[in-house]
Every structure is written in structure tokens, then in C-alpha cells.
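Worksheet for the structure shown next.
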Amino acid sequence: MLSFVAPQSLGELAAVLTAGSGCWMISGGTDRLIAPAALPRSGVILDLSRLAGLDRIALAEGRLALGAGVTVARLANDALVA
């Protein structure tokens, strides 16, 4: 059976990952969700798009740090980048 989980914290993410089910991680992934043949038959679809911190944009020691979940639209409109 296939299930869907959208953790909002690292603790929730760790709980899913340590449960031992096969995970398919997405952050968006709408192109996959509309193509059922591309989905796994069992395990967990793990949506990382709501995970706090992955959308972070910060300036640290003169370098721009981007979280893995930063979208191009957010990057283009962020005050630190402009």
C-alpha cells in the first residue's frame, strides 16, 4: 500500500525515515503525481515541501545560502538576492 506523509519538522521526518518503509521523497513533484505509472506500488511518498527551513535564504559570511526547497520564484523575489 502507498501512503502520503508531509512532515513539518525534522522530528516528524526522522520518525518516518526510521520506520523502515521505503520512501519516495518529493518537494512539489506534481508531474509525477499525475502520472500513476511513475509512482511506486508501496511505501511512503514523503512530501518535503512543508518541512521548515528548506525554503531558507540567508546571507552568512558574505555568502548566499539557499535551502534545498527554495523555488526559483522565491529566489527571484527575495530582498537578499535583489
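The values are calculated or read from the model by the stated rules, or taken from the named source; none is laboratory data. These numbers come from a predicted model, not from an experiment. Cβ atoms come from the backbone with ideal geometry, glycine included; neighbour counts cover every protein chain shown.
Do you know which of the residues in the stretch 46-82 that are of a type in the set (S, T, N, Q) and within 29 Å of residue 23 (Cα to Cα) is farthest from the chain's Cα centre (by Cα)?
Here the answer is 71.
So in the stretch 1-24, with the set limited to residues that are part of a loop (DSSP other than H, G, I, E, B) and not polar (S, T, N, Q), which one is farthest from residue 69 (Cα to Cα)?
Initial filter on the stretch 1-24 (part of a loop (DSSP other than H, G, I, E, B)): 1, 6-9, 19-22.
Restricting the remaining residues to those that are not polar (S, T, N, Q) gives 1, 6-7, 19-20, 22.
Working: 1: 27, 6: 14, 7: 14, 19: 24, 20: 24, 22: 22 Å.
It comes out as 1.
Name every residue in the stretch 37-51 that is of a type in the set (Gly, Ala, Ser), at pLDDT below 85 and either within 17 Å of residue 80 (Cα to Cα) or not in a strand (DSSP E or B) (or both), in order of residue number. Break it down stepwise before answering.
Of the stretch 37-51, the ones of a type in the set (Gly, Ala, Ser) are 37-38, 42-43, 49.
Okay, now just the ones that are also at pLDDT below 85, so 37-38, 42-43.
Of everything in the stretch 37-51, those that are of a type in the set (Gly, Ala, Ser), at pLDDT below 85 and either within 17 Å of residue 80 (Cα to Cα) or not in a strand (DSSP E or B) (or both) turn out to be 37, 38, 42.
Show the residue pairs meeting these rules: Cβ distance below 6 Å; 6+ apart or different chains; first residue within the stretch 1-20 and among the polar types (S, T, N, Q); second residue part of a strand (DSSP E or B) and surrounded by 10 or more Cβ atoms within 10 Å (Cβ to Cβ).
What qualifies is 3/44.
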